[in-house]
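Okay, structure first, notes after.
The values are calculated or read from the model by the stated rules, or taken from the named source; none is laboratory data. These figures come from a predicted structure and were not determined experimentally. For neighbour counting, all protein chains shown are included, and Cβ atoms are generated from backbone atoms with ideal geometry for every residue, glycine included. The accessibility values were calculated without ligands, DNA or RNA, using every heavy atom of the protein model including side chains. Shrake-Rupley method; radii C 1.70, N 1.55, O 1.52, S 1.80 Å.
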Amino acid sequence: MEPAQGIRLDHNYQLSLREFPYIIRWRDDRCKRCGRCTAVCPVKAIEPTVKVQRFVKSEGPVPTPTAVRNITHVVEQVTDMERYCTGCGTCTLVCPNEAIEPEFNPQNKFLHYKNKGGEGYKRGGRRNDPAISTLDRLKFTRISMLTDPALDAGRHEFRVRTLLGRILPPEELPLKITDGGLVVDNVNGKFIPPVREIYPIMIGSMSVGALSPPMWEGLAMGVAYLNEVERIPVVMCSGEGGMPPRLLKSKYLKYFIIQIASGYFGWDEIIHALPYMVEAPAAIEIKYGQGAKPGDGGLLMAQKVLKLIANIRGVPQFVDLASPPTHQTKYSIEEAVAKMIQSMSMAWGFRVPVYPKISGTKTARAVLNNLARNPYAAALSIDGEDGGTGAAYNVSMDKMGHPIASNLRECYLDLVKQGKQNELPLIAAGGIAKKGNLAANAAALIMLGASAVSIGKYIMQATADCFGDEYNRCNLCNTGKCPRGITTQDPKLYRRLDSDRVAERVVEVFKAADVELRKIFAPMGRSTELPIGMSDGLSIDDKAMAERLEISYAC
Amino acid sequence: MCRLAAITSNKYFSPMENILALETMKEGHDGSGLGLTLKDLGGEFEEFKGYPVMSGICSKEGIGVLDEFMDKHGFKLKHVWTPKIKKVKGVIPRDYYFARVYDYPAHYRNKPMHEKEDLLMNTRLALRKIGEPDESIFVFSFYPDVITLKEVGDPLQLGEFFGLDRNGLKAKVIFAQGRQNTNYQIYLYACHPFFIQGFCSMTNGENTAFVPIREFLMSRGFPGYMGYNSDSETFTHILHYTVRQLGFPLTYYKDVITPLKPSEIEQRKDSDALRLIKQSLRPLCIDGPNVVIGYTPDGACFMLHDSKKLRPGVVGGVKGKYALMSEECGLDSAIPKRDKSKDIFPMKYDMVIVSSQAEGVKVWNQLKG
């Protein structure tokens, strides 16, 4: 073996590019050395550098090789794990000559090394699993043919709506017959819970703070437009962290679900705004868990807590805002959760549905059964493992949680056993439209028993071109350096994002999903009511999954 | 699509009238079965008005089991009717077709009708459970003044087979269905009309929302909500649930199975109640291209549609005799001498109700309430 003479040993501290998740492909012949790529890289994974190149030249009729040294400028990827290339591709986006792009390296050993200083890898995004999810394997196989003619999705009148709120069992309706008709007879003061008619696809909880001002504003404007102009009653959840005070006091509040979570951030402002509210919110969501990071609390990194956020949340600037993993008041579900639901109901005079959101878990049915016995619980939102987050440990995102399909299904069937399937609506979330199939995933979950579905990651991808994907691309949401300006509070970054354009895209996404839902429901002969629990409409190409979901197997 | 022929009259008439009406609608049924439900019985049953009649089919072994069961539970046999079977090509005769009149067990005789109804239904269900695995006992109905006949075959041939043209079986309300089999297997319990505790209905069109409706009904904790060999059985049970269990007036059946849009509900004077009903009974919206013809215990007959039903049924007749048919040719056969201009083709908001004893007909409009 050759001695290591003349070679500097790195004592195995230096990494080769092969260990990195993305390797920059830079083309010398195309690059005009403008420097845009290195300037825009959010993690400084590439840098301009100077190299000395040795050429052997020979001129004249007789070979006379001569060594020449040239000084040249190149773009180089650094091999520092703290500045790994996230594959976001912002460099490609700004390059005028298509001279640079990151390439996914499936052999990478990223997770082996991304723990410097004894700190586990933290990131944003969702579970890094690019496999086809159960939701995308579900097919709609009950097509109306001849015995019950299929409907014309373009011309037939469809009502794609759902109910959010506790629904009384028919036997308990306070009705009496007067003059041959039924009238409400509430002499006994029976509590008639508030119920909202909404669109079955909701925008899930993403906070002001986690999102940049133009992103949150864009979503909010899109939702208001859908309601006011398109008459599609889409609702959106605030996430934890309050809402802009002007919105709290506006008539548009009715399109928003306000979330309360374990940090209670923003609630001081909300409570103070209560006397000035002209509309009640669509609902109150009590967050007990999040599918992306079950059992973990919320976290807004200090670098994202700028003046606006600090004001809305009622906290000082530039401090880490950690929500505890559990509500400190939550001693037990029997007591504290019931009390919390009641307290929130009371704050709005029992005119607003209040429901908890939990992460997908094997214990979801225990929660469900408790809520089923609580007449004030308005729904249960279950967030599956493929849900997204702005910041969490990678291990929580990749390894913790429960897939939504079977979790939702077993909860629905549990309600069916008790005859309460129409009383307590189930909201399913986590990985809907992971591959872009929004309407199909939503319809499949509805047919498995969901009353509504909630989307988060998808709406950022579809409306603001979020780079994140299941190959750990980008996923910088936690750092405040979002190259798209979606999850940052840095004006230099978020000015890249146009809130009007986001709003336009929100409208386009929902209008397209509405058309696609009709294209699913029409051939199945459904147009008047949402086909909640119409499980005979579904099949899957895996026997074990079919058995677990209690649907048919088709191949 | 199944063909439906219902006739209601203030005079007793033969079920052959229904069968002949079905014959005119023959292109719409495929001979996969006939279901007949007779209410307000005449002929030999006229004297047993207050006593429950059990209708069904048994094998030779089954009848022994049935007798033993009924004895054990205190029912006393008062009268037996069996059709005089005439062998007809294409109809495979079973061992024993019957309509048997029983007297209630002694301790039930003075009980309220509600309790008697539950006893009769539970008895029917128990016998069904015993006889279904080996098909030794089929019981279609067990209720005062009601007979149900069901068999596989062409309706006209079955009429001949059962000797309905000569045995004097008569009633004032008769429902008949000529089956177009869409339930994958020909099975007697899948044949309309369906009957439960005085409520009866038959339907054509597929029930697209069958599974959620079935799950909702089965989770009501009412033992009679079972079976569902045909998706159409849910329509009968929704009728029973709405009127008997919830105590709603009949017209609310339409509001339950074909609910109005919120903007339409606002126009109704009972909008507050209707909004609650629509929410609480959301899973019972049939959302399919169906026509439903049914009757209630008081003898009122009705017809209604879902808006997706492209071709409406028809109701017509004269005072004292009305027919509710899936096709007009059936109506022409049943009541040829009528003012055709007064025939009613119910539209999506309409519920046509023919009052008891065929006194008259009215169209209830759902928008107006």
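Worth pointing out:
- Enumeration of residues in region A:201-222 that are under 20 Å from residue A:512 (Cα atoms) and not in a strand (DSSP E or B): A:204, A:218, A:219, A:220, A:221, A:222
- When the residues of region B:357-369 are filtered to those that are under 22 Å from the mean Cα position of the chain (by Cα) and open to solvent by 40 Å² or more (accessible area, probe 1.4 Å), the one that is farthest from the other protein chains (Cβ to nearest Cβ) is B:357.
- Taken over region A:195-243, the residue count meeting the criterion of being farther than 18 Å from residue A:266 by Cβ and open to solvent by 10 Å² or more (accessible area, probe 1.4 Å) is 14.
Here is a yes/no grid of residues against (1) without any contact (Cβ under 8 Å) to a residue 24 or more places away in the chain; (2) of a type outside the set (A, V, I, L, M, F, W, C); (3) part of a loop (DSSP other than H, G, I, E, B); (4) more than 30 Å from residue B:25 (Cβ to Cβ):
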| site | (1), (2), (3), (4) |
| --- | --- |
| B:80 | yes, no, no, yes |
| B:84 | no, yes, yes, no |
| B:97 | no, yes, no, no |
| B:114 | yes, yes, no, yes |
| B:120 | no, no, no, yes |
| B:143 | no, yes, no, no |
| B:156 | no, no, no, no |
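- Residue A:197 vs. criteria among the charged types (D, E, K, R), within 38 Å of the chain's Cα centre (by Cα) and either in a strand (DSSP E or B) or closer than 24 Å to residue A:419 by Cβ (or both): yes
- Set A:332, A:396: member being in the same structural domain as residue A:305 (by TED's automatic domain parsing), out of contact with any Ser or Thr (no Cβ under 9 Å at 6 or more places or on another chain) and not basic (Lys, Arg): A:332
- All positions within region B:284-304 that are within 13 Å of chain A (Cβ to nearest Cβ) and outside any loop (DSSP other than H, G, I, E, B): B:284, B:291
- Region A:144-171, subset facing chain B (nearest Cβ under 8 Å) and farther than 25 Å from residue A:538 by Cβ, residue surrounded by the most Cβ atoms within 10 Å (Cβ to Cβ): A:170
- Within region A:252-270, being open to solvent by 60 Å² or more (accessible area, probe 1.4 Å) and within 17 Å of residue A:208 (Cβ to Cβ) holds for A:252, A:264, A:268, A:269.
- Checking residue A:181 against (1) open to solvent by 10 Å² or more (accessible area, probe 1.4 Å); (2) in contact with a Gly (Cβ under 7 Å, 6 or more places away or on another chain); (3) in the same structural domain as residue A:373 (by TED's automatic domain parsing), the condition it does not meet: (3)
- Any hit, region B:301-321, residues being touching a Lys or Arg at 6+ places or on another chain (Cβ under 6 Å) and polar (S, T, N, Q): yes
- Among the residues of region B:99-112, those that are assigned to a helix (DSSP H, G or I) and open to solvent by 50 Å² or more (accessible area, probe 1.4 Å) comprise B:106, B:107.
- Residue within region A:345-361 that is buried (at least 22 other Cβ atoms within 10 Å of the Cβ), among the basic types (Lys, Arg) and touching a helix residue (DSSP H, G or I) at 6+ places or on another chain (Cβ under 7 Å) present: no
- Residue list for region A:274-287, filter: touching a helix residue (DSSP H, G or I) at 6+ places or on another chain (Cβ under 9 Å) and surrounded by fewer than 21 Cβ atoms within 10 Å (Cβ to Cβ): A:274, A:276, A:277, A:278, A:279, A:280
- Residue tally, condition surrounded by 22 or more Cβ atoms within 10 Å (Cβ to Cβ), more than 7 Å from chain A (Cβ to nearest Cβ) and farther than 13 Å from residue B:283 by Cα, over region B:204-223: 1
- Top-ranked residue of region A:125-140 - restricted to ones that are hydrophobic (A, V, I, L, M, F, W, C) and part of a loop (DSSP other than H, G, I, E, B), ranked as nearest to residue A:86 (Cα to Cα): A:131
- Residues of region B:245-269 that are within 9 Å of chain A (Cβ to nearest Cβ), open to solvent by 20 Å² or more (accessible area, probe 1.4 Å) and on the phi < 0 side of the Ramachandran plot: B:245, B:246, B:249, B:251, B:259, B:261, B:262, B:269.
- Of the set (1) within 14 Å of chain A (Cβ to nearest Cβ); (2) in a helix (DSSP H, G or I); (3) open to solvent by 10 Å² or more (accessible area, probe 1.4 Å), all apply to residue B:242 but (3).
- Residues located in region A:405-424, provided they are open to solvent by 10 Å² or more (accessible area, probe 1.4 Å) and either assigned to a helix (DSSP H, G or I) or hydrophobic (A, V, I, L, M, F, W, C) (or both): A:406, A:410, A:413, A:414, A:416, A:417, A:418
- Residue within region B:225-233 that is open to solvent by 30 Å² or more (accessible area, probe 1.4 Å), within 11 Å of chain A (Cβ to nearest Cβ) and farther than 26 Å from residue B:24 by Cα present: no
- Out of B:50, B:62, B:74, sole residue that is open to solvent by less than 70 Å² (accessible area, probe 1.4 Å), among the small types (Gly, Ala, Ser), in contact (Cβ under 8 Å) with a residue 40 or more places away in the chain and over 26 Å from residue B:300 (Cβ atoms): B:62
- Residue B:120 within 18 Å of residue B:17 (Cα to Cα) and open to solvent by less than 10 Å² (accessible area, probe 1.4 Å): no
- Restricted to region A:480-555, the set of helices (runs of 4 or more DSSP H) holding at least 2 residues that are open to solvent by 50 Å² or more (accessible area, probe 1.4 Å), under 30 Å from residue B:290 (Cα atoms) and away from every other protein chain (no Cβ under 14 Å) comprises A:499-521.
- Residue B:21 being open to solvent by less than 20 Å² (accessible area, probe 1.4 Å) and in a strand (DSSP E or B): no
- Of the numbered criteria (1) within 11 Å of another protein chain (Cβ to nearest Cβ); (2) crowded, with 18+ Cβ neighbours inside 10 Å, the one residue A:127 fails is (1).
- Filter result for residue A:554 (modelled with pLDDT of 95 or more and either among the hydroxyl-bearing types (Ser, Thr, Tyr) or under 22 Å from residue A:236 (Cα atoms) (or both)): no
- Scanning region A:130-143 for residues that are crowded, with 17+ Cβ neighbours inside 10 Å and in contact with a Leu (Cβ under 9 Å, 6 or more places away or on another chain) yields A:134, A:135, A:138, A:140, A:142.
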